[in-house]
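Coordinate-derived values only; no laboratory data. None of the values given here were measured: they were computed from a predicted structure. Note that each Cβ is placed from the backbone with ideal geometry, even for glycine, and that neighbours are counted across all protein chains shown.
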Amino acid sequence: MVFQSYALYPHMTVAQNLSFGMRMRGVPRERIAEKLDRAVQMLQLQPYLARRLAELSGGQAQRVAIGSALVLEPALFLFDEPLSNLDAELRQHMRLEIAALHRAVRTTMVYVTHDQVEAMTLADGIVVLRDGRIEQVGTPLALYERPANTFVAGFIGEGAMNLLPVQADGSQAVLRGGKCLPLPLAAGQRPPARLGVRPEHLEPADDGPFTLQVQTIERLGATAYLHGHCAGLPVCAEVREPGSIAPGQTLHLAARADRLHAFDAEGLRLSAA
C-alpha cells in the first residue's frame, strides 16, 4: 500500500526505509541489494539514499513510499490518495511518474482518489463511487462521453457538465426562456428533465439557443472559462481565443446535437438516438 501520509520511518534513511520490509521478511542481503538497486534506478532516488524523511521534499518522500512497496513485488498495488498532500506542480510530476512506473512493472494498481484529473489520466478503468455505491464502471473515455447519471456527468471532465432543466416538445427540448434545440433521444424514450452539455462543447453562435450572461472569466492563455448564468442558472463555457470578451457581456452559444446529454427526473441517462 502507498498512503497519503507516506507511512515512512523518520529515524531511518531512505535506503533503510526501502529495505525495511525485505529485512523483516528475511530476504537474503544479495537479493535485497538487487531489488533495492532496481527500485532506486526506476524512481531516481540515488542522490537521497543517505537522507532521512525530514530532509526530503513531498515528492521525494512519496517516491520512497512507492519504492518501499515496489521492492516487495506485490501482486497488487493499492494507492490511497497518494498525491493529496502535494502542491499542484508536484502532483502533475508524480502523475507522470506513477504512469511510467505502471508501464514499467505492469502490475495491477488500485488507485483511490477524489481528483478526477488523476482518475482520467492514470486509469485504464474507473469505478465511480458515491456513499459506498457504485455509480458507473468503464474506461475514462466511456465515462466522459456517456455518463450514466448526473453525478458522473458532474464529476468526470475538466469542468463539470452544465445541467439545465428542459421540457420536451415533440423532438425538441425547450429551455427556460423558450429557446428550443433537438433532443438527443431514441424514439419512445421517456421525456427528459435535464439537458447536459460540457463547457468545451459550447461554441459562440449568433443564433445559439444558450444565452450566457458573463460574470467571471478565468483566462488561461489561449483558452478561457466563462462563468455566468443562462436562464437564471449557472453555466460555464470554455472558449478559445477569448479576445475582448468581458464580464457583463451577453453571448449566444450553441452545441452540436451529438454533444448533448439527456437525463430523466431521477438523474439517469436517457439513450441517444
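Tabulated data
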quantity	calculated
Longest DSSP-loop-exposure-free segment, trypsin sites (Lys or Arg not before Pro), the chain, at most 11 other Cβ within 10 Å	107-255
Options Thr139, Val197, Ala257, ranked by Cα towards positive dipole end of the chain, top entry (Cβ charges)	Thr139
Alpha-carbon centroid distance for the pair the range 150-207 / the range 1-77, whole angstrom	50 Å
Where labels lie 7 Å past Cα in the beta-carbon direction, separation of His102 and Arg146 in nm	2.2 nm
Sequence-separation-based contact order of the range 174-273, relative, with Cα cut under 8 Å and 6+ spacing, percent	40 percent
Under 5 Å, built H, 5+ apart or other chain: amide partners of Phe79	Val2, Val110, Tyr111, Val112
Over the chain: helical MRE at 222 nm, DSSP H runs n ≥ 4 each giving -39500 (n - 2.57), nearest 500	-8500 deg cm²/dmol
Mean projected area (nm²) of the alpha-carbon convex hull when the range 217-261 is viewed from all directions	3.8 nm²
Ranked list, fewest to most other Cβ atoms within 10 Å of each Cβ, for Ile134, Ile156	Ile134, Ile156
Inter-site label distance for Ala231 and Asp37 at 7 Å from Cα along Cβ, in nm	6.8 nm
Kirkwood-type radius of the range 20-147, with distances r between different C-alpha atoms, in Å	16.2 Å
Distance histogram for the chain (every C-alpha pair counted, 10 angstrom bins, percent rounded to whole numbers)	6, 24, 24, 18, 14, 10, 4, 0
Positive-pole candidate from Ile66, Leu86, Val127, dipole of the chain, charges at beta carbon	Ile66
